[in-house]
1. I'd like the residue in segment 1-42 that is of a type in the set (Lys, Arg) and over 25 Å from residue 81 (Cβ atoms) and, out of all such residues, is surrounded by the fewest Cβ atoms within 10 Å (Cβ to Cβ).
2. I'm told residue 74 meets every condition in (1) touching a strand residue (DSSP E or B) at 6+ places or on another chain (Cβ under 6 Å); (2) loosely packed, with under 14 Cβ neighbours inside 10 Å except one. Can you identify the failing condition by its number?
3. Is it true that some residue in segment 106-121 is of a type in the set (A, V, I, L, M, F, W, C), touching a residue at least 40 places away in the same chain (Cβ under 8 Å) and farther than 22 Å from residue 26 by Cα?
4. Hey, can you tell me all the residues within segment 122-168 that are in contact with a His (Cβ under 9 Å, 6 or more places away or on another chain) and either assigned to a helix (DSSP H, G or I) or farther than 30 Å from residue 80 by Cα (or both)?
5. Please name all residue pairs, on different chains or six or more residues apart, with Cβ atoms under 6 Å, provided the first residue is in segment 30-49 and is under 21 Å from residue 165 (Cβ atoms) and the second residue is in a helix (DSSP H, G or I).
6. Does segment 144-165 contain at least one residue that is farther than 19 Å from residue 13 by Cβ, within 14 Å of the chain's Cα centre (by Cα) and at pLDDT 95 or above?
7. Got a sec? Which of 142, 103, 180 is crowded, with 19+ Cβ neighbours inside 10 Å and either touching a residue at least 24 places away in the same chain (Cβ under 8 Å) or at negative phi (or both)?
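The values are calculated or read from the model by the stated rules, or taken from the named source; none is laboratory data. What you see is a predicted model, and the numbers here were worked out from it, not measured in a lab. Neighbour counts run over all protein chains shown; Cβ positions are idealised from the backbone, glycine included.
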Amino acid sequence: MSEAAEHEAIIGNTRQWLERAVIGLNLCPFAKAVHVHGRIRYVVSKARHIDGLLEELERELHALSEADPAVCETTLLIHPQLLQDFLDYNDFLEIAEGVVEELELDGVLQIASFHPQYQFEGTESDDIENYSNRAPYPILHLLREDSIERAVETFPDIASIYERNVLTLRQLGHEGWKKLQINS
């Protein structure tokens, strides 16, 4: 399979996860609009080492900060080759946040995290609530702070999203999640 075909397959799997899980289960009430309007940039990392991923992250942070939000509101930096272990990925998030600060983009952009083995603190690895942040590949989701603020204005009880997601996922269960047929 060519690199271009491989990247298209990775993006296709990521879109499928977004449509079936994130939007389909309404895990993020803000995702549907940006998806429907085509304002999500999907980038598959070619990095084979952490330094390369950091360079791509820096490039994508700059690109998002300079892009017109009406064209590109958010970026999913998918990195299927690196950070397959969740603990390594979680440690990397501190470094990634440091890049945002170094570029003086804190308060402008932020990073949300998704991983195939995502695990919230205080949970067991197979607890269903972890699936709200489980994706087919490790992903750094680059978000605009302005977009988050606008979303909060339209969804005043933002703190309830996590609790609602836990309830949704517990009702769905592991069998229901498997029926979503999310490729990973």
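1. Residue satisfying both the conditions and the ranking: 32.
2. In the conditions (1) touching a strand residue (DSSP E or B) at 6+ places or on another chain (Cβ under 6 Å); (2) loosely packed, with under 14 Cβ neighbours inside 10 Å, residue 74 misses (2) alone.
3. Step one: filter segment 106-121 for residues of a type in the set (A, V, I, L, M, F, W, C), giving 108-109, 111-112, 114, 120.
Filter again for touching a residue at least 40 places away in the same chain (Cβ under 8 Å), leaving 108-109.
Right, trim to farther than 22 Å from residue 26 by Cα and you get 108-109.
Yes: segment 106-121 contains one or more residues that are of a type in the set (A, V, I, L, M, F, W, C), touching a residue at least 40 places away in the same chain (Cβ under 8 Å) and farther than 22 Å from residue 26 by Cα.
4. 128, 131, 133
5. Correct list of pairs: 30/151; 31/22; 31/23; 32/23; 40/34.
6. There is at least one residue in segment 144-165 that is farther than 19 Å from residue 13 by Cβ, within 14 Å of the chain's Cα centre (by Cα) and at pLDDT 95 or above.
7. Just a single option satisfies the conditions, and that option is 142.
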